[in-house]
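Peer 1: Take a look at this one; I'll ask things after.
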């Protein structure tokens, strides 16, 4: 158990959990099931990944190709929506009996789900691979058309500095910049991009960095255990992205 001083720090801070591609403890990532599980478990921040199919249709998928999820060595941009949408994904544990038909959802399907939960904030990560086949303008328009019903609940997130600048210059949507490396965190970037949120991999954060006085909201991802979160809380981080946010949230509650 943590000591009284640590408990007081946790009680004085509001800890926020971000569901990385949904809550993936019992469901496949980036599916309606994983997103619904996060919502059911009280997670109010959810991150998903968006790619455009050959026709320019936004679907929810992370990888640069279909190899891991379908054993097909091609990219989303080279496949038609009708050929991929209803193909079944493998369950998290291949030794378990399948209890649900997992498939790649469309961005519209996710929007319809989130629309029923006005307390949820959706981080929509636009994957860089989109820009090998489509322009910034095309990707932006396709995504914007889909998220219209939940605009006030959306933050656009990405690694692409230039795409985020395009979003910033053409809308009032908040943006979140994912640091490709710690060197990308600079005064120049902050001035030119003005991100409301910064995402950083836990692995690249200097152990001596302090976040208590930084103006931006910081979200640290790849947090897989409670010890990592507790260390980051000491550094001033209060937002954590994880594939198992519900589990970590419960573990932290048990320690307070």
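Peer 1: Filter region 127-161 for residues that are within 16 Å of the chain's Cα centre (by Cα) and more than 11 Å from residue 51 (Cβ to Cβ) and give the result.
Peer 2: 147, 153, 154, 155, 156, 157, 158, 159, 160
Peer 1: Further question: Among all residue pairs at least 6 apart or on different chains, which show Cβ distances below 6 Å where the first residue, located in region 131-153, is at negative phi and without any contact (Cβ under 8 Å) to a residue 12 or more places away in the chain and the second is assigned to a helix (DSSP H, G or I) and crowded, with 18+ Cβ neighbours inside 10 Å?
Peer 2: No pair meets every condition.
Peer 1: Which of the helices (runs of 4 or more DSSP H) found entirely inside region 5-117 contain at least 2 residues meeting this: modelled with pLDDT under 95? Lay out the reasoning, then the answer.
Peer 2: Working: elements: 32-40, 67-70, 81-84, 107-115.
Here the list reads 67-70, 81-84.
Peer 1: Name the residue that is surrounded by the fewest Cβ atoms within 10 Å (Cβ to Cβ), counting only residues in region 40-72 that are out of contact with any helix residue (DSSP H, G or I) (no Cβ under 8 Å at 6 or more places or on another chain), over 19 Å from residue 141 (Cβ atoms) and touching a residue at least 60 places away in the same chain (Cβ under 8 Å).
Peer 2: 44
Peer 1: Surrounded by 15 or more Cβ atoms within 10 Å (Cβ to Cβ) and either farther than 22 Å from residue 245 by Cα or in contact (Cβ under 8 Å) with a residue 40 or more places away in the chain (or both): does that describe residue 16?
Peer 2: It is true that residue 16 is surrounded by 15 or more Cβ atoms within 10 Å (Cβ to Cβ) and either farther than 22 Å from residue 245 by Cα or in contact (Cβ under 8 Å) with a residue 40 or more places away in the chain (or both).
The values are calculated or read from the model by the stated rules, or taken from the named source; none is laboratory data. This is a predicted model, so every value here is computed, not measured. Cβ sites come from the backbone with ideal geometry, for glycine too, and all protein chains shown count toward neighbours.
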